[in-house]
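*Asks:* Handing you this structure, nothing more for now.
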């Protein structure tokens, strides 16, 4: 009877699946029970109740306000915003610079091509941690003290305590002003799109862009006056051993940003370059036969086609950049990984902390996957 | 009919691909030593039919019996049937990372557990049979299409099957190589091998087959001896098909 | 004979040499206004930076044999530090009297790596070589047997740890990756979804979080009294990470295999296991060797992250050496040295990967 069971194709498949799922689940349950026992032995309560308790550890810099009396929940929020902030900056910078790098690597100019190739090989073959620590050491040791600050631009000071620059302080009814700014940006963008379309369709277009700019200027002026807004430059001033006032970028932030941008640009540049290379040579030839310049061919013909090859690996590059921000732990920039690590140190709530960390990144990667599937479906229907 | 003389027996066999009814109530019996050619327009289900015989595709209704073994959910039935049948594919499906000799000795060594030296003797015997013993140590990529297909035939023969299945063996070959493969198949038939062959080569059907089966839209439309089939087709669809290809 | 309407050539033409190359590097450098500007700018940058670099590296620097005071006095590179601390940077705090053991392990791994390079050595005995080499390395480092003194893993450090972590994650990750890749393409839904979940979760989270899981959560999840060595925990995290990434690459290779190969194997009565081992895997893996070597480079670089969980590999041993108060913390020189070691290994592997790709394409191209 067992033989009939074992050799039956379908039954064997079901039995093996049930066994596999059973083994996996029982393994998980065993780990879970052990964890509960160990946590109980250390007097740590499982669960997310600790979220409401005050964090009591400092966070050296944050985009949103934070004090050590704020709750753990708020601390996590701060870390998350920091992570997203630096990830966004690096993504934008690396993409733009990557495009330039790709063009440099494809150029016929031997010096340009050689520099680009060398840069790419060096940046891609050295671990990111080493590069970050290298930049951090440069920024914290080799930059001068506040008294001998470097001043590349007037009123901007580069020292080993960070980069200090003037901050624009507005007072009054500034919410009106922000609405006016939003409206202006929308108006001008719309004007650009509409004018371009009109020019292609009708041959000539009314000067939408100029009109929108005048209207925006008027809106902003109106908001300024009605809101009674006044502006003041808060300039950093040397007091004692440091600068006071103005805005500052810490050495941790600077080194993380510079290191990540330099590292990611090399990879992004290669993705863009292979995308451009993937477009058939016949496209270039057809464009030249039609009398277009190389720049116009790239812009109008080759680049739009290369997007199809560029976007999938590029989105996984963006995910990589976001994951790489966790290396902020090595230089001390307070991103989400840092907040989680500190929280675990203080409260012992290891399971909850790591769960939060993994959930954050899984959500980001899930969002990117969904976008990728949508994009793939869209281009495969063309 | 006495079961011991039946090589293949299909009763009411059905197959669906999703909602597409690929095989509809197939009834066919192939006797031992018989040579059957299956022909028909594309999409008629002839490849599906032959792939159901050795369980590369699973039939979904009716019965299929090969050499007295009924093909059902029992894994052992599938294994036994595959040991009795050998298959030659349209695209050869030789293993590109192995030499011709290794292609032929792989299954005997690993399935039948024959010693390597003995397996190589068997392989060389069949390679001589298909007239390419000198290429034994070459890789498939170095041979022409006709030579590769003959290697595929030898590879199947090395397992000593009692039934040989051919799935459009010459459709992917350049015209000048079709003859060498058909000649090999004809000499196999001359030795008394039971053969089921899906092909468009009507000359082969006329000279070698014992019966010709015409399929259209998943059904067997007509079965007859080659003489009767080609000179006096009885169904309209058979006539229409023959008009197009002859 | 030859009229205006037709023409037949009477004599064959001699073969002649082409005219001399009219292009030159100078023409490329100044071919347009843009390039000329670029040339001038780049040349200016070089002329500014190069003398400073040469000064820092060679002229103002303190060569091996110097001391901390000399380094503090100058603003050039402090190469003396590297020479003085070389043992600590390369081998960590391993007992100096047993120094020959990590040195032997490093040389052994390098030799095994060199032997693996030529494709004609890719036979089954190579696997045996790596396996035995790995076991021998562990025994040598750990001791406690065959008359060798016992050295706990907390004292291991430097280059051997980096190399051992890389081998461990690649070696143990590869079979797991094959299993995951095959499972991801299985027909049975339970197997398929389990593998998809594992692969997507591991690929979606940063390696830092996996290291946290392994070093913080794993001890929590084991029963009291059972513990896993700290270095092994990091090795497990790296192995899981590499298994997920390698699985995706192998899956690409499996997908590119023609369906007919499996059909032919089935028709020949090969069992499922025989089909996978003899037919599918050899072809699938061979077709994805370039991406595999690229992933190997990524995994070697990733071993440097164990710094974050407090383990001593090449990078963190170097950082530990920097804390000596006798020296003025020459970060730049040390990081350049470490970067150089990684660069040699990784760049070498990427050149090798290019060479293999060209060779395979030449062999298979018909």
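The values are calculated or read from the model by the stated rules, or taken from the named source; none is laboratory data. Treat the numbers as computed from the prediction; the structure is a model and nothing was measured. FYI the Cβ positions are ideal-geometry reconstructions off the backbone, even for glycines, and counts take in every protein chain you see.
*Asks:* Just to be sure before I move on: is residue A:7 under 38 Å from the mean Cα position of the chain (by Cα) and modelled with pLDDT under 85 in the structure I sent?
*Replies:* It is false that residue A:7 is under 38 Å from the mean Cα position of the chain (by Cα) and modelled with pLDDT under 85.
*Asks:* Among the residues of segment C:325-357 satisfying the criterion of being loosely packed, with under 14 Cβ neighbours inside 10 Å and modelled with pLDDT under 85, which is farthest from the other protein chains (Cβ to nearest Cβ)?
*Replies:* In this case the residue turns out to be C:326.
*Asks:* Further question on the same structure: What residue, among those in segment A:43-61 that are in a helix (DSSP H, G or I) and exposed (fewer than 12 other Cβ atoms within 10 Å of the Cβ), is nearest to the other protein chains (Cβ to nearest Cβ)?
*Replies:* Looking at residues that are in a helix (DSSP H, G or I) and exposed (fewer than 12 other Cβ atoms within 10 Å of the Cβ), I get A:49.
*Asks:* From the list A:129, A:122, exactly one residue is out of contact with any strand residue (DSSP E or B) (no Cβ under 9 Å at 6 or more places or on another chain), surrounded by 19 or more Cβ atoms within 10 Å (Cβ to Cβ), within 9 Å of chain C (Cβ to nearest Cβ) and closer than 25 Å to residue C:162 by Cα. Which is it?
*Replies:* Result: A:129 is the single residue among A:129, A:122 that is out of contact with any strand residue (DSSP E or B) (no Cβ under 9 Å at 6 or more places or on another chain), surrounded by 19 or more Cβ atoms within 10 Å (Cβ to Cβ), within 9 Å of chain C (Cβ to nearest Cβ) and closer than 25 Å to residue C:162 by Cα.
*Asks:* Something else now. Scan segment C:204-242 for residues that are more than 10 Å from chain A (Cβ to nearest Cβ) and part of a loop (DSSP other than H, G, I, E, B) and jot them down.
*Replies:* Matches in segment C:204-242: C:225, C:227, C:228, C:229.
*Asks:* Continuing with the same structure: Residues A:80, A:111: which one is assigned by TED's automatic domain parsing to the domain that holds residue A:353 and modelled with pLDDT under 90?
*Replies:* Only one candidate qualifies: A:111.
*Asks:* If the requirement is being under 23 Å from the mean Cα position of the chain (by Cα) and either more than 10 Å from chain A (Cβ to nearest Cβ) or modelled with pLDDT of 90 or more (or both), which of these qualifies: C:183, C:147, C:173?
*Replies:* Of the residues listed, the single one that is under 23 Å from the mean Cα position of the chain (by Cα) and either more than 10 Å from chain A (Cβ to nearest Cβ) or modelled with pLDDT of 90 or more (or both) is C:173.
*Asks:* How many of the residues in segment C:141-157 are in contact (Cβ under 8 Å) with a residue 12 or more places away in the chain and farther than 20 Å from residue C:172 by Cα?
*Replies:* Adding up the residues that qualify gives 8.
*Asks:* Further question on the same structure: Taking segment C:188-203 as the search range and keeping residues that are in a helix (DSSP H, G or I) and within 7 Å of chain A (Cβ to nearest Cβ), which one is surrounded by the fewest Cβ atoms within 10 Å (Cβ to Cβ)?
*Replies:* Looking at the filtered set, the residue picked out is C:201.
*Asks:* Okay, next question. As an exercise: evaluate residue B:154 against (1) surrounded by fewer than 20 Cβ atoms within 10 Å (Cβ to Cβ); (2) not in a loop (DSSP other than H, G, I, E, B) and give the number of the one condition it does not meet.
*Replies:* (1)
*Asks:* Further question on the same structure: Of the residues that make up segment B:69-91, is at least one over 14 Å from the mean Cα position of the chain (by Cα), within 13 Å of chain C (Cβ to nearest Cβ), assigned to a loop (DSSP other than H, G, I, E, B) and more than 21 Å from residue C:280 (Cα to Cα)?
*Replies:* Checked against the condition, which is being over 14 Å from the mean Cα position of the chain (by Cα), within 13 Å of chain C (Cβ to nearest Cβ), assigned to a loop (DSSP other than H, G, I, E, B) and more than 21 Å from residue C:280 (Cα to Cα), segment B:69-91 yields no hits at all.
*Asks:* Can you tell me which residue is surrounded by the fewest Cβ atoms within 10 Å (Cβ to Cβ) among those in segment A:299-332 that are within 14 Å of chain C (Cβ to nearest Cβ) and over 19 Å from residue A:93 (Cα atoms)?
*Replies:* A:332
*Asks:* List pairs: first residue in segment C:297-319 and facing another protein chain (nearest Cβ under 10 Å), second residue crowded, with 24+ Cβ neighbours inside 10 Å and outside any helix (DSSP H, G or I) anywhere in the structure, Cβ distance under 6 angstrom, at least six positions apart or on different chains.
*Replies:* C:301/A:127; C:303/C:313; C:304/A:127; C:306/C:313; C:314/C:158
*Asks:* Six or more apart or on different chains, Cβ under 8 Å: which pairs go from a residue in segment A:276-303 that's touching a residue at least 40 places away in the same chain (Cβ under 8 Å) and in the same structural domain as residue A:103 (by TED's automatic domain parsing) to one that's surrounded by fewer than 16 Cβ atoms within 10 Å (Cβ to Cβ) and in a helix (DSSP H, G or I)? Could you list them?
*Replies:* Qualifying pairs under 8 Å: A:276/A:106; A:277/A:106.
*Asks:* Under 7 Å between Cβ atoms, which residue pairs at least 6 apart in sequence (or on different chains) link something in segment A:141-153 that is touching a residue at least 60 places away in the same chain (Cβ under 8 Å) with a partner that is exposed (fewer than 11 other Cβ atoms within 10 Å of the Cβ) and in a loop (DSSP other than H, G, I, E, B)?
*Replies:* Filtered contacts from segment A:141-153: A:146/A:241.
*Asks:* Just wondering, is there one or more residues in segment C:28-42 that are under 34 Å from the mean Cα position of the chain (by Cα), exposed (fewer than 15 other Cβ atoms within 10 Å of the Cβ) and either at pLDDT 80 or above or more than 10 Å from every other protein chain (Cβ to nearest Cβ) (or both)?
*Replies:* no
*Asks:* Select, from C:257, C:278, the only residue that is more than 14 Å from chain A (Cβ to nearest Cβ), surrounded by fewer than 17 Cβ atoms within 10 Å (Cβ to Cβ) and more than 30 Å from residue C:153 (Cα to Cα).
*Replies:* Result: C:257 is the single residue among C:257, C:278 that is more than 14 Å from chain A (Cβ to nearest Cβ), surrounded by fewer than 17 Cβ atoms within 10 Å (Cβ to Cβ) and more than 30 Å from residue C:153 (Cα to Cα).
*Asks:* Further question: I'd like to know if segment A:93-108 contains one or more residues that are over 29 Å from residue A:341 (Cα atoms), out of contact with any helix residue (DSSP H, G or I) (no Cβ under 7 Å at 6 or more places or on another chain), in a helix (DSSP H, G or I) and more than 14 Å from chain C (Cβ to nearest Cβ).
*Replies:* Scanning segment A:93-108 turns up at least one residue that is over 29 Å from residue A:341 (Cα atoms), out of contact with any helix residue (DSSP H, G or I) (no Cβ under 7 Å at 6 or more places or on another chain), in a helix (DSSP H, G or I) and more than 14 Å from chain C (Cβ to nearest Cβ).
*Asks:* Scan segment A:22-42 for residues that are exposed (fewer than 11 other Cβ atoms within 10 Å of the Cβ) and at pLDDT below 85 and jot them down.
*Replies:* Selection gives A:41, A:42.
*Asks:* Ok, one more. Please state which one of B:222, B:134 is closer than 18 Å to residue B:28 by Cα and without any contact (Cβ under 8 Å) to a residue 24 or more places away in the chain.
*Replies:* Only one candidate passes the filter, namely B:222.
*Asks:* Another question about this same structure. Could you check, for segment B:217-229, whether at least one of its residues is outside any helix (DSSP H, G or I) and buried (at least 22 other Cβ atoms within 10 Å of the Cβ)?
*Replies:* yes
*Asks:* Next up: Give segment B:38-50 a look and list any residue that's out of contact with any strand residue (DSSP E or B) (no Cβ under 7 Å at 6 or more places or on another chain) and within 14 Å of another protein chain (Cβ to nearest Cβ), or say none.
*Replies:* none
*Asks:* Is it the case, given these coordinates, that residue B:127 is touching a helix residue (DSSP H, G or I) at 6+ places or on another chain (Cβ under 9 Å) and more than 13 Å from chain C (Cβ to nearest Cβ)?
*Replies:* In short, yes.
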